[in-house]
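The values are calculated or read from the model by the stated rules, or taken from the named source; none is laboratory data. Predicted, not measured: the structure shown is a model, and the values here were computed from it. Neighbour counts run over all protein chains shown; Cβ positions are idealised from the backbone, glycine included.
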Amino acid sequence: MGKRTPLYNKHLVQKAKMVDFGGWDMPLHYGSQMNEHHQVRRDAGVFDVSHMTIIDLTGQRVREFLRYLLANDVERLKKTGKALYSCMLNDQGGVLDDLIVYFQDEHQFRMVVNAATRDKDIAWITKQAKPFAVQVRERDDFAMLAVQGSQVRKKLEPLLPANLSASVMALAPFYATWHDDEFFIARTGYTGEEGFEIILPAQDAPNWWDALLAAGIAPIGLGARDTLRLEAGMNLYGADMDENYSPLESGLAWTVAFKPADRVFIGRSALETQRNRGNHSILVGLVLPVKGILRGHQTVSFEGGGVGQITSGTFSPTLGGSIAFARLPAGEYKQVTVTIRNKPLLAKVVTPPFVRHGKTCISFLTDN
């Protein structure tokens, strides 16, 4: 038996198919993964993401600490509630995890990291925090809900606490607002649609879940979460990146703040060496113009005899065809060959995202 979120029994009532995910018993779907995917693109859905790890960081030197810990630079966070996406690296520049950090005040930041890396992350952060006298507190007393979809604003607004409703609806992307430790909500998500992520006391989560479903916001499982995030061009830790690959090799160079040049952060030296050499592997998007499903670990080959590998792949419900991320040697590519069931098929190389806010961003047509 795995760990269970405060909403475990709610998932059973909704007849969810439960699976192990990073040591947690989580809902894969509630009947139809395809329908759940379309529900988010066309309407609104709610995900139980209470397995995610919430960490509060406090101390006089907390900003200084985070500037050292993360590849992106929290010096950019000046306004209360502003959020930043970043990778946390090891000394070799490999990605220990990707995360979101929120600026609450000069002595407190909130961080949300992945579930499967929970123990590793907390141990690493705690070790690095000691010289800065920063306190690290895991908030396992919280639950977390992701409410996502094109119609989410009008369905969520009537449910919001009266003292926060106006400020929530006024949030710009990647900002959060909160009331003490009772309710924290951010305009963030993992689907490429409009959405909010809500952090609240664990004991309040079941009532909130019921209220969201009563408002016509459907429960969505991990299966649709994966197809939605891949369509949106968002990486999955453990598939598209891990501690063996740097952000430069994982399509995340944009998350590394090399300026100012005098900022010291963990992994910087290794990244600068890799960047200067310029021969590191890269992550690209693929679409398959013919029938077939791109899957993780399939072999990718290209002219000249080189090979690579798909890191994430799926059938895209929105596009009606197969899409993927693939890690390839450094180079310029227009098309590659993917071997599916011993059959070589041509795939087109594209720049993600594939879908954003319900709109197609790429074409399945091959070049003539």
- Close pairs from region 65-84: first on the phi > 0 side of the Ramachandran plot, partner at pLDDT 95 or above and assigned to a strand (DSSP E or B), Cβ under 8 Å, at least 6 apart: Gly81/Tyr102; Gly81/Phe103; Gly81/Gln104; Gly81/Tyr175; Gly81/Ala176; Gly81/Thr177; Gly81/Trp178; Gly81/Ala186
- Message: If Asp210 satisfies all but one of (1) modelled with pLDDT under 95; (2) assigned to a helix (DSSP H, G or I), what's the number of the condition it fails?
- Response: (1)
- Item | Positions within region 215-274 being aliphatic (A, V, I, L, M) and part of a helix (DSSP H, G or I), in sequence order | Leu222, Ala224, Leu228, Leu230, Leu248, Ala253, Ala270, Leu271
- Mind checking whether some residue in region 319-328 is under 25 Å from Gln148 (Cα atoms), touching a Leu at 6+ places or on another chain (Cβ under 8 Å) and not hydrophobic (A, V, I, L, M, F, W, C)? yes
- Message: Among (1) closer than 18 Å to His51 by Cβ; (2) surrounded by 14 or more Cβ atoms within 10 Å (Cβ to Cβ); (3) touching a helix residue (DSSP H, G or I) at 6+ places or on another chain (Cβ under 9 Å), there is one condition Ser150 misses while meeting the rest; what is its number?
- Response: (1)
- Note on the structure: Among strands (runs of 3 or more DSSP E) completely within region 1-101, the ones holding 2 or more residues that are under 22 Å from Pro201 (Cα atoms), at pLDDT below 95 and touching a Pro at 6+ places or on another chain (Cβ under 9 Å) are none
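For region 316-341, give me each residue that is of a type outside the set (Val, Ile, Thr), outside any loop (DSSP other than H, G, I, E, B) and surrounded by 18 or more Cβ atoms within 10 Å (Cβ to Cβ). Explain how you work it out, then say what you get.
Initial filter on region 316-341 (of a type outside the set (Val, Ile, Thr)): 316-317, 319-322, 324-335, 341.
Next cut, outside any loop (DSSP other than H, G, I, E, B) only: 316, 321-322, 324-328, 335.
Scanning region 316-341 gives Ser316, Gly321, Ser322, Ala324, Phe325, Ala326, Arg327, Leu328.
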- Task: Return a yes/no flag: does region 116-137 have any residue that is outside any loop (DSSP other than H, G, I, E, B), in contact with a Cys (Cβ under 9 Å, 6 or more places away or on another chain) and in the same structural domain as Asp210 (by TED's automatic domain parsing).
- Result: no
- Message: Of all residues being under 24 Å from Tyr237 (Cβ atoms), assigned to a strand (DSSP E or B) and at pLDDT 95 or above in region 348-368, which is nearest to the chain's Cα centre (by Cα)? Just the residue, please.
- Response: Val355
- Please go through region 256-297 and pick out each residue that is β-branched (Val, Ile, Thr), closer than 22 Å to Asp226 by Cα and crowded, with 18+ Cβ neighbours inside 10 Å. Ile282, Val284, Val287
- What is the number of the single condition among (1) over 19 Å from Val49 (Cβ atoms); (2) surrounded by fewer than 17 Cβ atoms within 10 Å (Cβ to Cβ) that Leu159 does not meet? (1)
- Within region 93-112, tally of residues that are within 18 Å of His51 (Cα to Cα) and of a type in the set (Asp, Glu): 2
- Task: Please enumerate the residues belonging to region 125-144 that are buried (at least 19 other Cβ atoms within 10 Å of the Cβ) and closer than 21 Å to Thr255 by Cα.
- Result: Ile125
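Of everything in region 306-315 that's part of a strand (DSSP E or B) and either without any contact (Cβ under 8 Å) to a residue 24 or more places away in the chain or out of contact with any strand residue (DSSP E or B) (no Cβ under 7 Å at 6 or more places or on another chain) (or both), which residue is surrounded by the most Cβ atoms within 10 Å (Cβ to Cβ)? Give the derivation first.
First pass over region 306-315, keeping only residues part of a strand (DSSP E or B): 307-315.
Now narrow it down to the ones that are either without any contact (Cβ under 8 Å) to a residue 24 or more places away in the chain or out of contact with any strand residue (DSSP E or B) (no Cβ under 7 Å at 6 or more places or on another chain) (or both): 307, 309.
Working: Val307: 13, Gln309: 15.
Per the stated criteria, the residue is Gln309.
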